[in-house]
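The values are calculated or read from the model by the stated rules, or taken from the named source; none is laboratory data. Fair warning: this is a prediction, and the values are worked out from it, not measured in the lab. Cβ sites come from the backbone with ideal geometry, for glycine too, and all protein chains shown count toward neighbours. When the accessible area is computed, the model is the full protein with side chains, heavy atoms only, and any ligands, DNA or RNA have been set aside. Shrake-Rupley method; radii C 1.70, N 1.55, O 1.52, S 1.80 Å.
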Amino acid sequence: MFAAGRALRPREILQEAYLTKLVPWHLHGSRQDKTLHARLSEDIARNRENSRFFRTAAGTFFLRRLMSDLTLPERDRTEYFAPPRRKELAKNAVLALEMDAASGRGVYRAFPRP
């Protein structure tokens, strides 16, 4: 296991994992860091204080077991609570699927809300 001794971004976590051969070589991908970020965020949201990880800032993660290590900088021991993300449809338009009777194909169209 590697120990950077500081909070890391998902890309940095992956770089360390590849260097120490914790991740198989065939798992290289163009956006593995985005997947890792999403999984860490899910774990924190689902398990709260029982998660092995916590956020120190937006997009930066650290091991919860090191939270009480006073030799680490305060910024790496302070938990950051990310605002919940909500995806909402725009309220000014309605998306509808119009079916063409002759071809049987559908076309998505946005209509202004009445």
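Contact map, the stretch 6-18: residues that are farther than 13 Å from Arg39 by Cβ and without any contact (Cβ under 8 Å) to a residue 40 or more places away in the chain paired with residues that are in a helix (DSSP H, G or I) and of a type in the set (Phe, Trp, Tyr), Cβ distance under 9 Å, separation 6+ or inter-chain. Pairs shown: Tyr18/Trp25. Residues in the stretch 20-37 that are assigned to a helix (DSSP H, G or I) and surrounded by 10 or more Cβ atoms within 10 Å (Cβ to Cβ) were compared, and the one that is modelled with the lowest pLDDT is Leu27. Selection of first residues in the stretch 30-51 that are under 19 Å from Met67 (Cβ atoms) and of second residues that are open to solvent by 70 Å² or more (accessible area, probe 1.4 Å), restricted to Cβ pairs under 9 Å at least 6 apart or on distinct chains, gives the following pairs, ordered by first then second residue: Ser41/Arg85; Asp43/Arg52; Ala45/Pro84. For Ala7, the test of being of a type in the set (A, V, I, L, M, F, W, C), under 19 Å from the mean Cα position of the chain (by Cα), closer than 18 Å to Pro83 by Cα and at pLDDT 90 or above is failed. Which ones in the stretch 44-76 are more than 15 Å from the chain's Cα centre (by Cα) and of a type in the set (Gly, Ala, Ser)? Ser68, the sole residue that qualifies.
Of the residues Ala17, Ala101, which is open to solvent by less than 70 Å² (accessible area, probe 1.4 Å) and either assigned to a loop (DSSP other than H, G, I, E, B) or on the phi < 0 side of the Ramachandran plot (or both)? Give the steps one after another, and end with the answer.
Details: Ala101 fails: open to solvent by less than 70 Å² (accessible area, probe 1.4 Å).
Exactly one of Ala17, Ala101 is open to solvent by less than 70 Å² (accessible area, probe 1.4 Å) and either assigned to a loop (DSSP other than H, G, I, E, B) or on the phi < 0 side of the Ramachandran plot (or both), namely Ala17.
Taking Arg46 as the residue in question, decide whether it is open to solvent by 70 Å² or more (accessible area, probe 1.4 Å) and in contact with a helix residue (DSSP H, G or I) (Cβ under 8 Å, 6 or more places away or on another chain). So that I can check it myself, show each step before the final result.
On the way: open to solvent by 70 Å² or more (accessible area, probe 1.4 Å): yes; in contact with a helix residue (DSSP H, G or I) (Cβ under 8 Å, 6 or more places away or on another chain): no.
When the stated conditions are applied, Arg46 does not pass them.
Going by the structure shown, is Gly59 without any contact (Cβ under 8 Å) to a residue 40 or more places away in the chain and not polar (S, T, N, Q)?
Values: without any contact (Cβ under 8 Å) to a residue 40 or more places away in the chain: no; not polar (S, T, N, Q): yes.
Against the criterion (without any contact (Cβ under 8 Å) to a residue 40 or more places away in the chain and not polar (S, T, N, Q)), Gly59 does not qualify.
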